[in-house]
1. Which residue pairs have Cβ atoms closer than 6 Å, lie 6 or more positions apart in sequence or on different chains, and pair a first residue in the range 227-251 that is in contact (Cβ under 8 Å) with a residue 40 or more places away in the chain with a second residue that is of a type in the set (Gly, Ala, Ser) and surrounded by fewer than 16 Cβ atoms within 10 Å (Cβ to Cβ)?
2. Restricting attention to the range 153-180, report how many residues are hydrophobic (A, V, I, L, M, F, W, C) and over 12 Å from Ser106 (Cβ atoms).
3. Got at least one residue in the range 205-218 being over 26 Å from Pro87 (Cβ atoms), basic (Lys, Arg) and not in a helix (DSSP H, G or I)?
4. Could you tell me which of the residues Glu45, Glu52, Glu69 is farther than 29 Å from Asp152 by Cα, modelled with pLDDT under 80, loosely packed, with under 11 Cβ neighbours inside 10 Å and among the acidic types (Asp, Glu)?
5. For the range 159-198, which positions are over 14 Å from Ala142 (Cα atoms) and not in a helix (DSSP H, G or I)?
6. Just give me the residues in the range 120-158 being among the hydrophobic types (A, V, I, L, M, F, W, C), surrounded by 22 or more Cβ atoms within 10 Å (Cβ to Cβ) and more than 22 Å from the chain's Cα centre (by Cα), in sequence order.
7. Is there a residue in the range 177-187 that is within 18 Å of Glu96 (Cβ to Cβ) and touching a Leu at 6+ places or on another chain (Cβ under 8 Å)?
8. Go through (1) touching a residue at least 12 places away in the same chain (Cβ under 8 Å); (2) part of a helix (DSSP H, G or I) one by one and return the number of the condition Pro136 breaks.
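The values are calculated or read from the model by the stated rules, or taken from the named source; none is laboratory data. As the structure is a prediction and not an experimental result, all values here were calculated from the model. Cβ atoms come from the backbone with ideal geometry, glycine included; neighbour counts cover every protein chain shown.
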Amino acid sequence: MKRTIGLFAAVFVLAGLTGCSSYLEKTMKDNPEILYNAIKAHPKEFLDTVNEAVELAKAEMQKQAMEEEFKNRKEPVIEEDRAIFGPKDAKITIVEYSDFQCPFCSRGYDTMKALEQKYGDKIRVIYKHLPLEMHPQAMPAAQYFEAIALQDHGKAQKFHDMVFENQQELNEKKEKFLDEAAKKVGADLAKVKKDIKTDAVNDRIKKDMAEAQKFGFSGTPGFLVNGIAVRGAVPPQHFESIIERLESDKE
């Protein structure tokens with residue numbers, strides 16, 4: 001394989017020296033057995049090389065996409081009266097568009113917890129709603145969350161954590177689980193039941209969904225880190241690289 005690569009390299013050099021840009025193409029057309037024989041003789045090495053090239057291409061595309069995100073940051077609406085996890089004056093704001101019943105959003109929840117643990121008061125998380133039709137309990141859970149937030153933001157955050165930490169119970173027990181969770185966090189369940197039907201609750205969810213669609217989030221979870229979009233349940237390290245760059249840019 002190394003000898004074949006060396007031959008290809010030599011052909012490239014010769015093409016450059018002679019100024020004949022079509023020399024390599026002509027050589028391969030006239031002698032396709034060069035490539036065929038190399039692949040047959042070294043199939044594993046060939047596949048390894050292709051896979052490496054694919055990974056390099058993906059990494060380059062992700063890098064370019066990230067640069068575009070830094071240049072064209074999105075501006076979500078953050079209402080003063082909505083539940084915020086963390087200090088309101090935190091330097092890093094993560095807006096999360098999520099679905100309480102989505103298993104990938106459960107991974108996103110774990111990632112947010114890891115970031116909160118690492119960065120403490122440097123970050124705040126705003127949980128926004130993108131309940132998907134395939135998850136029938138996602139909309140009711142979102143309604144409960146916002147109804148509880150009308151009573152107390154701290155209780156709403158505890159409810160949020162309880163749902164994601166017991167997602168299987170939500171799937172199995174449905175509304176009964178939501179009632180139990182609301183009681184456990186100390187919310188007035190009778191008032192929650194009344195408020196989930198109000199415009200204050202449902203308009204907020206609708207606005208969150210519309211904003212997510214505006215920013216191109218069709219699946220969950222989706223995030224904005226100081227306006228920089230992150231799509232999917234990516235590991236904490238990806239967020240850390242963005243946060244560290246944001247911090248270094250301010251210095």
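1. Within 6 Å, the pairs are Pro236/Ala114.
2. Taking the range 153-180 first, the residues hydrophobic (A, V, I, L, M, F, W, C) are 156, 159, 162-164, 170, 177-178.
Restricting the remaining residues to those that are over 12 Å from Ser106 (Cβ atoms) gives 156, 159, 162, 177-178.
So the answer is 5.
3. No, the conditions are met nowhere in the range 205-218.
4. Glu52
5. Within the range 159-198, Asn166, Val185, Gly186, Ala187, Asp188 qualify.
6. Once the filter is applied, which keeps residues that are among the hydrophobic types (A, V, I, L, M, F, W, C), surrounded by 22 or more Cβ atoms within 10 Å (Cβ to Cβ) and more than 22 Å from the chain's Cα centre (by Cα), the range 120-158 yields Ala147, Ile148, Ala149, Ala156.
7. no
8. Against the list (1) touching a residue at least 12 places away in the same chain (Cβ under 8 Å); (2) part of a helix (DSSP H, G or I), Pro136 comes up short only on (2).
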